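A short write-up of the structure that comes next.
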Amino acid sequence: MDFPAPPLRPPWWLRNGHTNTVYSFLRPRGVRLPPAQEDWIPLAPAADAALLIRSHWQPRPAPAVLLIHGLEGSSEAGYMLTAAGLFLRQGWHVARMNVRGCGDSEMRCATLYNSGLSADVAAALAWLAAQPGVTSLALAGYSMGGNLALKFAGEAGRGDLATPPALRAIAAVSPCLDLAACADALHRRVNYFYERRFLRHLARRLARHAARFPGRYPVARLRGLRSVRAFDDAFTAPFTGYRDADDYYQRASAARVLAAIRLPTLVVHAEDDPFIRITPASRAALAANPAIHFLATAHGGHCGFVGPRRNGEGVYWAEPRLLEFFRAAMAPAAP
């Protein structure tokens, strides 16, 4: 699919992956959304897990977008609010999904979350497709959510997961589609503060789970952990159905199913992202699949893509690209 996009030209002081990442995280988004409808989607066969979806509805039939956040994020992450505000202003229904156990859904889920829960994405899409007034669907994920979106797309393309007929397009922003490579990059000394922040939040979440379920988790192991890979090896993998971190990273990475994607898909990646690495093999798979448009920018950091204001778009460059791509994918084919 041909998809021309305007170049991202951030100011000189944001032409660094770290500054763009940190600035986008700390800068107030200034997004005011109307009150959201909250729905809990049960996850069969688990009786102790449910998805929390916060939705905003237009008063008339319209397309809908499902947004998925990244690691240790929630429906309230800054990029989720920016995307939601943009799509709402353009007349779309918007659903912001909390990955199971994240955000305000934590107390309703007895299990830990992981980067491979693509069946949860299928459940959320099926629910959204069934809502009145939804004319078509698009799916967009950030970071871990980008991996989930791509993994769902590949597994749906293989026939492993059901795809609502209304789903027309998919997008992933800064997706960690090669989990092992990203975990290794995150552990580089230059990324110390990112990894420590992730670890601190993961450890706190694990401690809260352990307090609710005494004896379930070996919390003493938390004291010796120095990397996200070590956390995944000690907790994420064994408590979510994987042998170890290597098995988890291999099976949960969207990279292994890129060739099976059939729906129009946009992948947005900044080459200066501090800790997202896309391996040569995955780049080849992205390039070989005609359904995928790989949009790589020199700058943008991780889920940042802050640039100058242009044509009334605001400073966030990635979200208008998602809207443009979805509109192009949903446009009627020329006769």
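A short reminder: the numbers here are calculations on the coordinates, not readings from a lab. Since this is a predicted model, take the numbers as computed values, not measurements. Heads up, the Cβs are rebuilt from the backbone with ideal geometry, glycines too, and the neighbour counts pull from every protein chain shown.
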Exercise. Taking Cα pairs under 8 Å and at least six residues apart, what relative contact order does the stretch 1-154 come out at, in percent?
Worked result: 25
For this session: Provide THR135, THR236 in ascending order of the number of other Cβ atoms located within 10 Å of each residue's Cβ, fewest first.
Result: THR135, THR236
Exercise. Counting other C-beta atoms within 10 Å, which of VAL173, VAL315, VAL190, VAL257 has the fewest, and how do the rest follow?
Worked result: VAL190, VAL315, VAL257, VAL173
Problem set entry | Per-residue [θ]222 nm for the chain (sum of -39500 (n - 2.57) over DSSP H runs n ≥ 4, rounded to 500) | -10000 deg cm²/dmol
For this session: Please provide three numbers in whole Å: the alpha-carbon extents of the stretch 180-252 along the principal axes, with the largest listed first.
Result: 36, 27, 16
For this session: Please list the equivalent ellipsoid semi-axes of the chain, computed as the square roots of five times the alpha-carbon gyration tensor eigenvalues, in descending order and whole angstrom.
Result: 29, 24, 20
Problem set entry | Interchain or long-range residues, amide H under 5 Å from THR135's placed H | ALA62, ALA64
Problem set entry | Phi-based couplings in Hz for the stretch 169-185 (Karplus 6.51, -1.76, 1.60; Gly and Pro marked x) | 7, 9, 9, 9, 10, 6, x, 8, 7, 10, 4, 5, 4, 5, 4, 5, 5
Problem set entry | ³J(HN,Hα) computed for each position of the stretch 151-163 - Karplus, 6.51 cos²θ - 1.76 cosθ + 1.60, integer Hz, glycine/proline x | 5, 4, 4, x, 5, 5, x, 7, x, 6, 10, 6, 10
For this session: Mind jotting down the three principal axis lengths of the stretch 85-186 based on Cα atoms? Whole angstrom, largest first.
Result: 43, 33, 29
Exercise. How large is ³J(HN,Hα) for each residue in the stretch 119-131, as worked out from phi by the Karplus curve 6.51 cos²θ - 1.76 cosθ + 1.60 (θ = phi - 60°), to whole Hz, x for Gly and Pro?
Worked result: 5, 5, 4, 4, 5, 5, 5, 4, 4, 5, 5, 7, 6
